[in-house]
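Novice: One structure coming up, written as structure tokens, with questions to follow.
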Amino acid sequence: LNVTEEKFVLDTLAGCTEYKPILDVVVNAFYVQDGRYCPISERNLYIVICYLATFQLEEIGLQRFSRIVKSLDTAKMQKFLRFFFNGLHLNTWIKDEWSHFYDSVYVKENWIDPLLRWQPEVQQLIEKLTDKLGNHTTPVKASRVTQPKEFNLTVPKPRAIPPPSPAPLPVLPKRQPVPPSIYKPPKERKQLEEIKTKNIQKAKIIFNLRLFNLASFICFKFLCRIISAVFVLWSRISCEQVCLLFKTMCLGTAHKHCEKIDSPPGGLGIWQIDNIPIKLNTAAILREGALYQRKLEEELKRFENLQQGAGDPSEFLEWQKQMRGKDLEEQLAEIECRRLQGKLSYEEAVLAHQNVIHENKKKADLLREEKAELMHLYAEKRLQEQKEMKELVEQVMEGHKNVKQAKAKIQEYKQQIVQQVCEESGELLRQALEEKEEKNRKRYELIQQIRAIESTPSIRHKFVDLTETGGHGLIGEMSIVELRERLALLKEAQKAAEEEKRDQIIHGKQAKEQLLLDKLDQISQFRAELGRAAALKQEEKKKSQSGGRPMKDERILNLQKKIVEKTVERKKQAGLL
């Protein structure tokens, strides 16, 4: 479109939007009366024609308006224009409906009167459209006779002679399936692995026994010398008795049925007590290691105290018992004090509650007294009002006597008021008309300015510079580029912190695993020594009791015989029953 046509289209669109309520009145009524069978999709078409006829007919002229109407559907335009330019419709309900939105005088002078002036010329246009509809005949197309044509069939090709059948392929004999033993390892390999494992276990047991014998011999000899020296100084007993006493103490604390089953190096050990395997977890390893470490420290401390000449701790224990008794008495006294304090608080709370109830009763009495006083004052006021009403009624009765004179005076006064109001209303009406015209003139100028502003093109795209701030006046305001840089730095710092934390966790795990391995080695040594001491004690016990074994065996045999006899006798009795 050129500039003129584009401006016309924009003005029409703006006017249809601005005056949409009054245009909807006409179009809605048209759809109800004459346009009942018109499609609703053509509603905007009727709105535009109504706007052009009402507001733009003076500017564009009848010739251009006729050209626009004739370019559209003839039947639809003839029906709508005949409905809209009906004088009865314009002077009655269209005027009344438009007066709901604008002043009735303004509607009549600016919209209704121009439409009525254009009505004769538009009526001629409507008659032309009617004649065009009457003379319009639809040409009938001559039908063509179908001419038959032959089918364009494809000529079949001659069939080729089939080649001779090929010789049959030789059939291979069916192969036997692969035996499943191929996929299984040989039994000899499994037997060799078992023998190898047993030899490794035997070698480890022999090595542990030799190591334990050497360590126990050195440790035992050193401790025997220390203890014998202490006991010789105290009781003048022989070194042989001290060694015998120490052996008895050490062997008595050993486990009778404790042996270690071999475990892979670096893993958690499995200990067997009375043929019951127990798997040690981390907590059990640390707990047992701390127990053995504490026992070792207590023994060393006890030996040091013995060497330094420590005395009998009975006095200290007695003093400790007395102090604990005193602490217990103090605690009981404190508890009794708290109980008494609680009882005292309860009594105080009950007393406070009673005081609150008493104060509430006093307040209620005061409120009742105030209410009675207010009711008394209200009754006196009602009596006074009744007296005043009686006096007023008496005055009214006296006034009715002179009602004729009062009516004459009122009539004269009303006539004077009417005369003054008529004079003032004429002046006010003239001023209101002048103000209305001035207001309409200013509104028309403002509309023209707005249309001129809207017709000028405006730049709707805003160029954004990512390096500039928003300019909102905030303290921490920054541009988008700076924000992205800070986010990148923050992500790098966070990633470095995560890597450092991951390294710390890995080092912590490695240190914990090393601690567990050390504890396992220490527990293995302690338990091996305890098992060796128990084995030595068992051997000595067997040697010392070798003479009394036959008698014990005879008693066992006698008891077994008696049990068998009793069993047989019980079965016989059961069979008889």
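Novice: Restricting attention to the range 79-102, report how many residues are closer than 19 Å to ASN44 by Cβ and either basic (Lys, Arg) or open to solvent by 10 Å² or more (accessible area, probe 1.4 Å) (or both).
Specialist: The number of residues fulfilling the criteria is 1.
Novice: For GLU424, which of the numbered conditions (1) within 30 Å of VAL105 (Cα to Cα); (2) at pLDDT 85 or above fails to hold?
Specialist: Single failed check for GLU424: (2).
Novice: Here is a follow-up. Of all residues in the range 135-156 being of a type in the set (Ser, Thr, Tyr) and at pLDDT below 80, which is farthest from THR74 (Cα to Cα)? Let's see the steps before the verdict.
Specialist: Keep residues of the range 135-156 that are of a type in the set (Ser, Thr, Tyr), which gives 137-138, 143, 146, 154.
Still in the list and also at pLDDT below 80: 137-138, 143.
On the way: THR137: 13, THR138: 14, SER143: 29 Å.
Looking at residues that are of a type in the set (Ser, Thr, Tyr) and at pLDDT below 80, I get SER143.
Novice: Right, next: Testing GLY471 on (1) at positive phi; (2) at pLDDT 85 or above, one condition comes back false. Which one is that?
Specialist: Of (1) at positive phi; (2) at pLDDT 85 or above, only one is false for GLY471: (2).
Novice: Sticking with this structure for a sec: Looking only at the range 21-43, filter to residues that are without any contact (Cβ under 8 Å) to a residue 24 or more places away in the chain and within 52 Å of the chain's Cα centre (by Cα); which one of those is most open to solvent (accessible area, probe 1.4 Å)?
Specialist: ILE40
Novice: Restricting attention to the range 1-17, which residues are charged (D, E, K, R) and open to solvent by 90 Å² or more (accessible area, probe 1.4 Å)? Reasoning before the result, please.
Specialist: Of the residues in the range 1-17, the ones charged (D, E, K, R) are 5-7, 11.
GLU6, LYS7 - these are the residues of the range 1-17 that are charged (D, E, K, R) and open to solvent by 90 Å² or more (accessible area, probe 1.4 Å).
Novice: Name the residues in the range 36-75 that are out of contact with any helix residue (DSSP H, G or I) (no Cβ under 7 Å at 6 or more places or on another chain) and among the small types (Gly, Ala, Ser), would you?
Specialist: The answer is SER41, GLY61, SER71.
The values are calculated or read from the model by the stated rules, or taken from the named source; none is laboratory data. Small disclaimer: the values here were computed from a predicted structure and weren't measured. Every residue, glycine as well, gets a Cβ built from its backbone with ideal geometry; the counts of neighbours run over all protein chains shown. For the accessible areas, the whole protein counts, side chains as well, though only heavy atoms, and no ligand, DNA or RNA atoms are used. Shrake-Rupley method; radii C 1.70, N 1.55, O 1.52, S 1.80 Å.
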